[in-house]
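Peer 1: Here it is: the structure, laid out below.
The values are calculated or read from the model by the stated rules, or taken from the named source; none is laboratory data. Fair warning: this is a prediction, and the values are worked out from it, not measured in the lab. Heads up, the Cβs are rebuilt from the backbone with ideal geometry, glycines too, and the neighbour counts pull from every protein chain shown.
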Amino acid sequence: MLSILISALVTAVIAGALIATNSSIGAIVTLGFFGFLATFLLIGFFVRKKSSKVQDELQNRMQAAQRRMQRKVQQFQNKPGGNVKQIQRQLEMDQRAMFKEGLEITKGLEPFRKWSPMMGRQIATMRLQFNYQLKEFETVDEILAGCGFLRGPMMMDPLAVGMRMARSYANGDIEGAKKVYKRQLKWLRGERGTLLYAVMSWIYVKTGEPDEARRVLAKAKDATGSEVFVRNWEHLSNNRVKSFSNAGFGDQWYSLQLETPPQPKQQRMRGAHGRNPRGF
């Protein structure tokens, strides 16, 4: 990374100057260290300042697209006689356009990759999420395959971890999903681990291991206090496996593509006296 190389060069210059003046080893080490740190932080400041413009643009575009889709849903719900399949297709098209636009905007961050050690991971994380929502799962699996020390998407993001677990399940690697869950849960404590608990309990239910799912839910309800986990734990404790549902987590859950979200509903029109126009 250029920031590290430049910082090292500044350190070498400082050390050389101090050696030439017969400075003590302690002074050389101390001033060299602070010279490296100051240069590295200064470069990082300017890189963040420049890259934040691209990131702000990305965030603003995503929020604007989401607001447009929300307005369409509200209009559909308030307008009788609408075609559910048609609005669903429109929303899917709008979502695809939004995610494709997001992918395109991430290209604007590429020039900063060589300056910041973490920029590459941030780009990978964003591209993971956009490609996942576009259901480009081959690309998603390629991105996840690059995970490693200081490489690939950042697994400190609960959504990225949930996606990795979901892809492990989809690829038949249940043990892989368990390993990711156990490893990342150590870092995502409390409510931050909500999505991990949700995915792991769902996987156990789908693989016919309700007792294991119940153990996960017991930890989840204590760690997060979520009513969804409480209800699911009660369902499994009373052998109501079919009643298990993570729908209460809303868009966060459905973004993993493990289940299909419910279709938007229209408001029922009533007559002047609060009765249905058909008389019932």
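Peer 1: Here is a list: ALA20, ALA38. Which entry is surrounded by 12 or more Cβ atoms within 10 Å (Cβ to Cβ) and over 30 Å from THR106 (Cβ atoms)?
Peer 2: On the way: ALA20 fails: surrounded by 12 or more Cβ atoms within 10 Å (Cβ to Cβ).
Criteria check complete, one pass: ALA38.
Peer 1: Quick one: which of ARG151, ARG127 is within 17 Å of the chain's Cα centre (by Cα), buried (at least 17 other Cβ atoms within 10 Å of the Cβ) and of a type in the set (Lys, Arg)? Break it down stepwise before answering.
Peer 2: On the way: ARG151 fails: buried (at least 17 other Cβ atoms within 10 Å of the Cβ).
Only one candidate passes the filter, namely ARG127.
Peer 1: Could you go through region 18-36 and let me know if any residue there is in contact with a Pro (Cβ under 9 Å, 6 or more places away or on another chain), modelled with pLDDT under 85 and on the phi < 0 side of the Ramachandran plot.
Peer 2: Restricting attention to region 18-36, the residues satisfying the condition of being in contact with a Pro (Cβ under 9 Å, 6 or more places away or on another chain) are none.
No, the conditions are met nowhere in region 18-36.
Peer 1: May I pose another question? List pairs: first in region 14-39 and within 21 Å of ILE4 (Cβ to Cβ), second polar (S, T, N, Q), Cβ under 7 Å, 6+ apart or cross-chain?
Peer 2: Note: pairs meeting the criteria are GLY32/THR11; GLY35/THR11; PHE36/SER7; PHE36/THR11; THR39/SER7.
Peer 1: Only residues in region 89-102 that are modelled with pLDDT of 90 or more count as the first member; pair them with residues that are aromatic (Phe, Trp, Tyr) and in a helix (DSSP H, G or I), Cβ under 6 angstrom, at least 6 apart or cross-chain, and list the lot.
Peer 2: Short answer, once both residue conditions are applied: PHE99/PHE130; GLY102/PHE130.
Peer 1: Follow-up question, since we're still on this one. Of the numbered conditions (1) crowded, with 22+ Cβ neighbours inside 10 Å; (2) within 22 Å of SER237 (Cα to Cα); (3) among the small types (Gly, Ala, Ser), ALA160 satisfies every one except a single condition; which is it?
Peer 2: (2)
Peer 1: Which is surrounded by 14 or more Cβ atoms within 10 Å (Cβ to Cβ), over 15 Å from the mean Cα position of the chain (by Cα) and either on the phi < 0 side of the Ramachandran plot or at pLDDT below 95 (or both), of LYS206, LYS219? Walk me through it before giving the result.
Peer 2: Numbers: LYS206 fails: surrounded by 14 or more Cβ atoms within 10 Å (Cβ to Cβ).
The unique qualifying residue is LYS219.
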